[in-house]
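A short worksheet on the structure shown next.
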Amino acid sequence: MRELKVLEQRFEARETKDTIPNFDIEWEYSGKTVSLQLLFEKEVENIAFEYFGDKLERQSDGKLLLKTEMPDGHWLYGFILSFGTEVEVIKPPYLRQVIADLSKKIYKKYTSEEP
């Protein structure tokens, strides 16, 4: 959304049923947040900007550093893993270990010859 254009065309709202889920209720949230630093590769710049916008700091090598606070828990781990090898947890150390452990379990599940 960095190159917006104003058009003559207008949006006409239509009546809909209130089916928007209340994520505060539906998602489990421990109430605990974590201060973290994530380093995104240049290849996922557009996606990173969609999520974090001006919170990203461009590094001299073109990578993007994010310093933020997010809810801790399985949602965060899955979110980080969704970037695959295009993100690195810089801080905190325990979160680096959590992601490493989950990655090992995923690797083991998909490379095991056992059913």
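Looking at region 72-92, which of its residues are within 13 Å of the chain's Cα centre (by Cα), in a loop (DSSP other than H, G, I, E, B) and surrounded by 14 or more Cβ atoms within 10 Å (Cβ to Cβ)?
D72, G73, F83
So which residues in region 59-71 are surrounded by 12 or more Cβ atoms within 10 Å (Cβ to Cβ) and either assigned to a strand (DSSP E or B) or under 12 Å from the mean Cα position of the chain (by Cα) (or both)?
Once the filter is applied, which keeps residues that are surrounded by 12 or more Cβ atoms within 10 Å (Cβ to Cβ) and either assigned to a strand (DSSP E or B) or under 12 Å from the mean Cα position of the chain (by Cα) (or both), region 59-71 yields L64, L65, L66, K67, T68, M70, P71.
What number of residues within region 28-58 are within 13 Å of the chain's Cα centre (by Cα) and hydroxyl-bearing (S, T, Y)?
1
Return the pairs, sorted by first residue and then second, in which the second residue is of a type outside the set (A, V, I, L, M) and surrounded by 18 or more Cβ atoms within 10 Å (Cβ to Cβ), the first residue lies in region 36-50 and is closer than 24 Å to P93 by Cα, the beta carbons are less than 8 Å apart, and the residues are 6+ apart or on different chains.
Short answer, once both residue conditions are applied: L39/K63; F40/K63; E41/K63; K42/K63; A48/F40.
I'd like to verify a number: residues in region 16-57 that are loosely packed, with under 14 Cβ neighbours inside 10 Å, at pLDDT 60 or above and of a type in the set (S, T, N, Q), how many?
Within region 16-57, residues that are loosely packed, with under 14 Cβ neighbours inside 10 Å, at pLDDT 60 or above and of a type in the set (S, T, N, Q) number 3.
Answer yes or no as to whether L95 is in a strand (DSSP E or B), surrounded by 15 or more Cβ atoms within 10 Å (Cβ to Cβ) and under 15 Å from the mean Cα position of the chain (by Cα).
Values: in a strand (DSSP E or B): no; surrounded by 15 or more Cβ atoms within 10 Å (Cβ to Cβ): yes; under 15 Å from the mean Cα position of the chain (by Cα): yes.
No, not satisfied.
The values are calculated or read from the model by the stated rules, or taken from the named source; none is laboratory data. All values derive from a computational prediction rather than experimental measurement. For neighbour counting, all protein chains shown are included, and Cβ atoms are generated from backbone atoms with ideal geometry for every residue, glycine included.
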